[in-house]
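A.B. asks: Below you'll find the structure I mean.
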Amino acid sequence: MSQITKEEIRQPENLVYKKTELLTDNPLSYCPGCGHGTAHRVVMEVIDEMGIQEQTIGIAPVGCSVLAYEFMNVDMQQAAHGRAPALATAVKRLMPEKFVFTYQGDGDLAAIGTAETIHACNRGENIVIIFINNGIYGMTGGQMAPTTLPGMKSSTSPYGRDVALMGNPLKITELIAQLPGTLYVTRQAVHTPAAVRRAKRAVRKAFENQKLNKGLSFVEIVSNCNSGWKMTPNQSNEWMVENMFPFYPLGDIKVND
Amino acid sequence: MAKIKGDIVIDIEKCKGCSVCIPACPQDVIALSANVNSKGYHFAETVNDACTGCANCAIVCPDAVITVYRKKVE
Amino acid sequence: MRELKLMKGNEAFAEAAIRAGADGYFGYPITPQSEVMEYLMAEKPHERTGMVVLQAESEVAAINMVYGGASCGKRVLTSSSSPGISLKQEGISYIAGAELPCLILNVVRAGPGLGTIQPAQSDYFQATKGGGHGDYRMIVLAPSSVQEMADFASLGFDLAFKYRNPVMILSDGAIGQMMEKVELDEQITRLTEAEIIKNTPWATTGKTKDRERNIITSLDLDSAKMELHNIHLQEKYRQIEENETRFETIQCDDADYLIIAYGTSARISQKAVDLLRAQGIKVGLLRPITLFPFPSKPIAELANRVKGILTVEMSAGQMIEDVRLAVGCKVKAEHFGRMGGIIPSPTQVVEAMHQKIIGG
């Protein structure tokens, strides 16, 4: 076998993976190792592969992904904290032929925006909600979130979440799956290649569902917050597997046809 | 017998050295450099020629800085 | 030819909104404005014009639906009453910050808190001074008749799109609930997507190959840029003050005394002017039609000619602050008002004029 040089391999015809053009060239504002970047890429790859950039309108939340519109190369609106599903409701109803999605964190979606989330889901708005659950308020410096695990430390639960004092973490995805307006509810992760591939299939299904006009598709992505959890990225992914997944088990929760 | 040879190109200026790609690589091709980029991050780099172009590293890279190539070598 | 009907103020507004080519209404029930959404739902505007009408889960959701719709270049509106408007203030601030056009009807009831469902004018501050956070202004139109409830729907949309700014129609429970004859404009055709893309190229209608992505946001973490954005907003508000100040003067030419009042108070004050003139006292009425921009210049000019000014408001005295800023120390300016949902009578206004201005 003859020796092959790197230059011979790095030819356009040999390309198997490169960043989608639906991600802008702006450097992501997320901490090193944060799952937000991977989740952004998964969503944008799906929109790219479906060829629906021109018909897509995204809604950015308040939180770490408040600047999502800097990275996602589609028309975007930046919502007030928790209100993204309300914006998306109007956009979809006023322009039913468009693809509309929200991208929200756990504080945005499951605390301040609980009403907007539940009612958009219950009305069966034909939108996609991407929900990043990392169990903490990352942007504001690591405070307790509605999804913070029992005993989990944060800057506002410095001795661990005491459920007797601070209440229970909210499994909002299971709650949403009960609502008649949701068509597809799933929980995914983006910490390993296999998880990313599964998450991408879920996001693809969610966007394909929008064509059916049969209800809302909700994709939770359990993610890490290594800065907030005060770990290295790989440690945080291991911690997530050991601690987050038992409480927030991965997989489809509701699949209707 | 045909053999698959791969290679990756890392945008080292955008790499944040998070290391998530390192355990994702089945061939142990990637490690953090001793050098840093202009932001001060120890960026990821390849340390051997065992890459098969499986793209696992790129798929988990949060900053989408890895481009993957794969060629069948006769 | 305009169609003549007998309608409630709230209904007239709703009908006029459909005819003004509105694309979407998002609301939440609250007395005394619930007839707006009830009328819209009964009229099935989706069948008439394709207009979307949706009952939201809260005032907060409704204004954010307006935010989403306005971001798409659509002609969208909401309506509420005082406590509900308080809830909407966050969204209004975002809409103003992101420079989006929309129409907000406030059929004011008495506060504070849950207050009462009876009419008041105690939302002048929250309408004209921001209400939500940050340095922003809404264009505020104050109807004093059912006819103006209808007319201001299309005027409101025109101003909102002209300046990419939220417009509030500051009505009150009396104007919203009363029935009067109203002449309605003919139906305006709703804009097509191509027309929206042409008229509002900033709108999020889907990123096509020939342009960069459109982003609707009120955020900029760079303080220098944020200051520039604020300076731009302030310049726009000065331009609105220059171009859009609207008011009506009644019997002001020979007036020795002036009443300033808007909305329901203006109607009562007009009767008070007649009663005072019957007593031989020459009184005129200035009725601000826009509360922002406020007609400061005409008030300042009249202050050079009259001996005293009485403002009449169904509040503890809110507009009086802007009147005094306009008048300076040139002439005495006093407030008369009733609160808590009480509408003053013309004779009470006459008495107040005697006590606070003429004899005071």
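The values are calculated or read from the model by the stated rules, or taken from the named source; none is laboratory data. Predicted model, so just to flag it, every value in this text is computed and none were measured. Glycine also receives a Cβ, built like all others from the backbone with ideal geometry; neighbour counts cover every protein chain displayed. Side chains are part of the model used for accessible areas, which takes the heavy atoms of the whole protein and leaves out ligands, DNA and RNA. Shrake-Rupley method; radii C 1.70, N 1.55, O 1.52, S 1.80 Å.
A.B. asks: Does any residue of the stretch A:164-204 lose at least 30 Å² of accessible area with all protein chains in place compared with its chain alone, and if so which ones (probe 1.4 Å)?
C.D. replies: Residues of the stretch A:164-204 that lose at least 30 Å² of accessible area once the other chains are added: A:193, A:197.
A.B. asks: Here's something else I'd like to know. Once neighbouring chains are kept in place and the probe is 1.4 Å, which whole percent of the accessible area of the stretch A:1-106 is contributed by carbon and sulfur?
C.D. replies: Answer for the stretch A:1-106: carbon and sulfur cover 50 percent of the accessible area.
A.B. asks: If R0 is 35 Å, what FRET efficiency do you get for residue A:235 and residue A:156 from their C-beta distance, rounded to 0.05?
C.D. replies: Computed FRET efficiency for residue A:235 and residue A:156: 0.95.
A.B. asks: Any chance you could run the full-extension gain for residue C:224 through residue C:277? It's 0.36 nm times the residue separation minus the Cα-Cα distance, nm to one decimal.
C.D. replies: 13.4 nm
A.B. asks: Hey, what D do you get for the stretch C:39-113 in µm²/s if you plug the Kirkwood alpha-carbon radius into Stokes-Einstein at 4 °C and 1.567 mPa s?
C.D. replies: 99 µm²/s
A.B. asks: Any idea what the relative contact order of chain C is, in percent, if you count C-alpha pairs under 8 Å spaced at least 6 apart?
C.D. replies: 18 percent.
A.B. asks: With θ taken as phi - 60° and the coefficients 6.51, -1.76 and 1.60, list the Karplus ³J(HN,Hα) couplings across the stretch A:74-89 in order, rounded to whole Hz; mark glycine and proline as x.
C.D. replies: 9, 4, 9, 10, 10, 8, 5, 4, x, 9, 3, x, 5, 4, 4, 4
A.B. asks: Step through the residues of the stretch B:5-12 one at a time and calculate ³J(HN,Hα) from phi using the Karplus curve (6.51 cos²θ - 1.76 cosθ + 1.60, θ = phi - 60°), rounding each to whole Hz and writing x for Gly and Pro.
C.D. replies: 10, x, 7, 10, 10, 9, 6, 5
A.B. asks: So if the hydrodynamic radius of the stretch C:3-194 is defined as the Kirkwood radius over C-alpha pairs, what does Stokes-Einstein give as its diffusion coefficient at 4 °C and 1.567 mPa s, in µm² per second?
C.D. replies: So the translational diffusion coefficient is about 81 µm²/s.
A.B. asks: Also: If amide hydrogens are placed 1.01 Å from N in the peptide plane, which non-local residues have theirs closer than 5 Å to the one on residue A:102?
C.D. replies: Amide H to amide H, under 5 Å and 5 or more residues apart or across chains, residue A:102 pairs with A:59, A:128, A:129, A:130.
A.B. asks: Something else now. Using amide H atoms built 1.01 Å from N in the peptide plane, name the residues 5+ places from residue C:105, or on other chains, whose amide H lies under 5 Å from its own.
C.D. replies: So residue C:105 has HN proximity to C:78, C:79, C:80, C:169.
A.B. asks: Only Lys, Arg, Asp and Glu count, each charged at its Cβ (+1, +1, -1, -1), so figure out the dipole size of the stretch A:29-255 about its Cα centre, rounded to 20 debye.
C.D. replies: I would put it at about 360 debye.
A.B. asks: Sticking with this one: Roughly how much accessible area, to the nearest 100 Å², goes out of reach of solvent when C and A pair up, both sides summed, probe 1.4 Å?
C.D. replies: For C against A, buried area totals roughly 2800 Å².
A.B. asks: Determine the equivalent ellipsoid of the protein assembly as shown by diagonalising the alpha-carbon gyration tensor, then write out the semi-axes as square roots of 5 times the eigenvalues, largest first, rounded to whole Å.
C.D. replies: 58, 24, 23
A.B. asks: Then there is this: Rounded to the nearest 500 deg cm²/dmol, what is the calculated helix-only ellipticity per residue at 222 nm for chain C, with -39500 (n - 2.57) per DSSP H run of length n ≥ 4?
C.D. replies: Result for chain C, helices only: -12500 deg cm²/dmol.
A.B. asks: Here's something else I'd like to know. Efficiency by 1/(1 + (r/R0)^6): what FRET value for residue B:39 and residue C:355, r their Cβ-Cβ distance, R0 = 60 Å, to the nearest 0.05?
C.D. replies: 0.25
A.B. asks: Which residues does the label zone of residue C:249 cover in the stretch C:270-288, counting backbone N under 13 Å from a point 7 Å along Cα→Cβ?
C.D. replies: C:284-288
A.B. asks: What list of ³J(HN,Hα) values in whole Hz, one per residue of the stretch A:200-208 in order, does the Karplus curve 6.51 cos²θ - 1.76 cosθ + 1.60 (θ = phi - 60°) give from phi, with Gly and Pro shown as x?
C.D. replies: 5, 4, 5, 5, 4, 4, 4, 5, 4
A.B. asks: Now for a separate question. Under 20 Å Cα to Cα from residue C:5, which aspartates and glutamates show up? Leave out anything in the same chain fewer than 8 places away.
C.D. replies: By straight Cα distance, residue C:5 reaches C:15, C:35, C:38, C:43, C:148, C:151, C:180, C:183, C:185, C:186.
A.B. asks: For a quick check of understanding: with a 1.4 angstrom probe and all protein chains in place, what accessible area in square angstrom does residue A:239 have, to the nearest ten?
C.D. replies: Counting only protein heavy atoms, residue A:239 exposes about 70 Å² to solvent.
A.B. asks: Right, here's the next one. Leaving ligands, DNA and RNA out of it, report the carbon-plus-sulfur percent of the accessible area of chain C at a 1.4 Å probe.
C.D. replies: Reported share for carbon and sulfur atoms: 52 percent.
A.B. asks: Exceeding 19 Å between C-alpha atoms, which entries from my cross-link table qualify? They are C:198/C:225; A:98/A:211; A:98/C:88.
C.D. replies: As for pairs spanning more than 19 Å Cα to Cα, those are C:198/C:225; A:98/C:88.
A.B. asks: Amide H neighbours of residue C:291 under 5 Å, at least 5 residues apart or on other chains, H built in the peptide plane: list them.
C.D. replies: HN-HN under 5 Å from residue C:291: C:140, C:141, C:142.
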